[in-house]
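> Dumping the structure here so I can ask a few things about it.
The values are calculated or read from the model by the stated rules, or taken from the named source; none is laboratory data. This one's a predicted model, so the numbers in the text were calculated from it and none came from an experiment. Please note: Cβ atoms are built from the backbone with ideal geometry, for glycine as well, and neighbour counts cover all protein chains shown.
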Amino acid sequence: MFKRIGLAALLGALAILLVLVAWLYVATPGRDDTRTTPGPAAATLEFPAGFFWGAAISGHQAEAQQASDWTAFEEDVLRNGRFDAGTAYGTTRPGHIRDFGRWSEAVRRQKSAFETHYAEDLAAARALGLNAVRISIEWARLFPRPDMTAPAPEGIAYYERVLAEMREQRLTPFVTLFHYVSPQWFFEPDASGKRGWERRDALEHWGRFVTAVADHFIPDVEHWCTLNEPMVYLYSGYIDGVYPPLEHRADAAAAADVYQALLGAHALAYRILHATAGARGARASVGITQAAQAFAPLRDWHPADRVIARLVTQAWNWDFLDAIRSGRMRIAASDVDRQIAGLAGTQDYIGINYYTRVFIRGDLAHPTRPAVLYRDPAQPDEPVNDMGWTSYPHGLYAVLTEAARRYAKPVFILENGTADDAADDVGRQRYLAAHVREVWLAIHRGGADVRSYIQWSLIDNFEWVDGFGPRLGLIAVDYENGFRRSPRASARLYGEIARSNSLPATYARP
Ligand code: BGC
């Protein structure tokens, strides 16, 4: 009797489990291999009036080293000769910078020498027909020492010159306040032994920096991006340990205090920028930009790949933005659930950086540590860029329309681009046209209120731990010949798009 009940219960439980797994499997969208979204075959695709066509750089990648955590890391790498290139881009060993030692001291220290070339670079952007440029204001340049109560005057003067030049060239500035890099002193332990964003006084210091920026640069700047790709910062710095502070924690939950401080930093910056703009009768548009990717299950039939690809999409693309919307920070696959005062609703727009599609091979035993592949080994013929990334334009359409659906806010594309070293960079031209087409479709078919398309990057620059090898610039920089600039063929195509505020019919074919 007991045996029979036991068996029946077991079979019942098994049946329920099977139904649950089957439901989850069916309810989880499978892999979408649509490369380009269906749309008009060959018509000129006109963009809305006032659309921003821009190109971006960030301070540490294009300008001289400051007294920052990244500079300290680079000096350490150099001292210890840690230049391991890994087997491919993206596989540089933790603690190393790919081939860093092969570049001259001038290049290592000045990166793309934007300080001495900004007038030329901004004039080139204008000559192409762009109307926007994204830069970053570096915290370490304004506050190289912790005891400073006012920003370094020469730092302020530098950004004043750059912004004046943008005004002169009629380029609208988009300004990022944290593009992965902080002053070196920020990583000295405080009295409780905490470093960086976990210091007790982290937001006090950050607030001082943001207040100084707001005081000096409002109303010159309206478009503010408080944080660049917080998830990349968190994973690369605290989990994969490839960016400073080079830590290897188990997962995002183990870095929950950093996650929370970044959200707090965003909310504080939002308040400061709006308060200053309000007091001066100026406008401010404030948000973050998220590295949104198209995550696909590697093996479409495999429940682990499907379910985990969906979880990763939520955790990587949307959790941080959801937290800003609701004021509640939740970290997937953990019990972290915190209410953050003053956070809810502090975004005027959704910033999207989009590059490529990645494939997820899940492991149900370790759901937070899936394998992430830049290409599907089952599709070996698929073309890749110089960094081994495929071009998947439909993914941009998918993230733009999803962002619009979720948040009902304007969307600004603050980065999109590819690595192609050739002077006649056919790969970049194809990538550019195909992605711009998806933006048009997202606006006209997908109902997304997209306001900008900003290419990464205006000029070749330092690609973090992958060093100077990958070339993402519309304009090439010759590091061996005095940082000489030369526009690639794609710059001309991009200029044509920007000047006509449209994608000409000849390029609009999928
Ligand atoms: C970052 C840039 C980087 C680019 C290309 C983005 O993740 O914001 O700093 O150079 O991608 O990898």
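> For region 128-147: of the residues being over 26 Å from the mean Cα position of the chain (by Cα) and touching a residue at least 40 places away in the same chain (Cβ under 8 Å), which is surrounded by the fewest Cβ atoms within 10 Å (Cβ to Cβ)?
Result: 145.
> If I filter region 399-421 down to residues being farther than 18 Å from residue 450 by Cβ and touching a helix residue (DSSP H, G or I) at 6+ places or on another chain (Cβ under 8 Å), which single residue comes out as nearest to the ligand (Cβ to nearest atom)?
By that ranking, first place goes to 418.
> Let me ask another. When only residues in region 449-464 that are over 15 Å from residue 432 (Cα atoms) and crowded, with 24+ Cβ neighbours inside 10 Å count, which is farthest from the ligand (Cβ to nearest atom)?
Step one: of region 449-464, the residues over 15 Å from residue 432 (Cα atoms) are 449-451, 459-464.
Of the ones still in play, those that are also crowded, with 24+ Cβ neighbours inside 10 Å are 450, 459-462.
On the way: 450: 19, 459: 12, 460: 11, 461: 7, 462: 8 Å.
Going through the qualifying residues, I end up with 450.
> Would you pick out the residues in region 151-193 that are among the aliphatic types (A, V, I, L, M) and closer than 26 Å to residue 283 by Cβ?
Matches in region 151-193: 156, 157, 162, 163, 164, 166, 171, 175, 177.
> Identify all residues within region 339-386 that are more than 16 Å from the ligand (Cβ to nearest atom), under 22 Å from residue 249 (Cβ atoms) and β-branched (Val, Ile, Thr); write none if there are none.
340, 360, 368
> What single numbered condition from (1) more than 23 Å from the chain's Cα centre (by Cα); (2) surrounded by fewer than 22 Cβ atoms within 10 Å (Cβ to Cβ); (3) not hydroxyl-bearing (Ser, Thr, Tyr) fails to hold for residue 503?
Failed condition: (2).
> A further question on this structure: Considering region 35-60 alone, what residues qualify as being part of a loop (DSSP other than H, G, I, E, B), surrounded by 21 or more Cβ atoms within 10 Å (Cβ to Cβ) and of a type in the set (Gly, Ala, Ser)?
Scanning region 35-60 gives a single hit, 58.
> Select from region 351-370 the residues that are within 14 Å of residue 297 (Cα to Cα), of a type in the set (A, V, I, L, M, F, W, C) and modelled with pLDDT under 95 and list them in ascending order.
364
> I would also like to ask the following. Restricting the first residue to region 332-350 and requiring it to be farther than 16 Å from residue 269 by Cα, which pairs with a second residue that is hydroxyl-bearing (Ser, Thr, Tyr) and surrounded by 13 or more Cβ atoms within 10 Å (Cβ to Cβ) meet a Cβ separation below 7 Å and a spacing of at least six or different chains?
Pairs that qualify, where the first residue is farther than 16 Å from residue 269 by Cα and the partner is hydroxyl-bearing (Ser, Thr, Tyr) and surrounded by 13 or more Cβ atoms within 10 Å (Cβ to Cβ), are 333/368.
> On the given criteria, is residue 283 assigned to a loop (DSSP other than H, G, I, E, B), surrounded by fewer than 23 Cβ atoms within 10 Å (Cβ to Cβ) and without any contact (Cβ under 8 Å) to a residue 12 or more places away in the chain?
No: the conditions fail for residue 283.
> What are the pairs, 6+ residues apart or on separate chains, where a residue within region 202-229 that is closer than 19 Å to residue 187 by Cβ and assigned to a helix (DSSP H, G or I) has its Cβ under 8 Å from a residue that is away from the ligand (no atom under 16 Å from the Cβ) and of a type in the set (Phe, Trp, Tyr)?
202/186; 205/143; 205/186; 208/143; 209/143
> Taking the condition of being within 16 Å of the ligand (Cβ to nearest atom) and of a type in the set (A, V, I, L, M, F, W, C), how many residues in region 173-216 meet it?
5
> For region 424-438, state whether one or more residues are touching a Gly at 6+ places or on another chain (Cβ under 8 Å) and more than 16 Å from the ligand (Cβ to nearest atom).
yes
> Now a separate question. Just to be sure, is residue 75 of a type in the set (D, E, K, R), in contact (Cβ under 8 Å) with a residue 12 or more places away in the chain, on the phi < 0 side of the Ramachandran plot and away from the ligand (no atom under 16 Å from the Cβ)?
Details: of a type in the set (D, E, K, R): yes; in contact (Cβ under 8 Å) with a residue 12 or more places away in the chain: no; on the phi < 0 side of the Ramachandran plot: yes; away from the ligand (no atom under 16 Å from the Cβ): yes.
For residue 75, the condition - of a type in the set (D, E, K, R), in contact (Cβ under 8 Å) with a residue 12 or more places away in the chain, on the phi < 0 side of the Ramachandran plot and away from the ligand (no atom under 16 Å from the Cβ) - is not met.
> Okay, moving on. If you take the residues of region 78-90 that are surrounded by 15 or more Cβ atoms within 10 Å (Cβ to Cβ) and under 24 Å from the mean Cα position of the chain (by Cα), which of them is farthest from the ligand (Cβ to nearest atom)?
85
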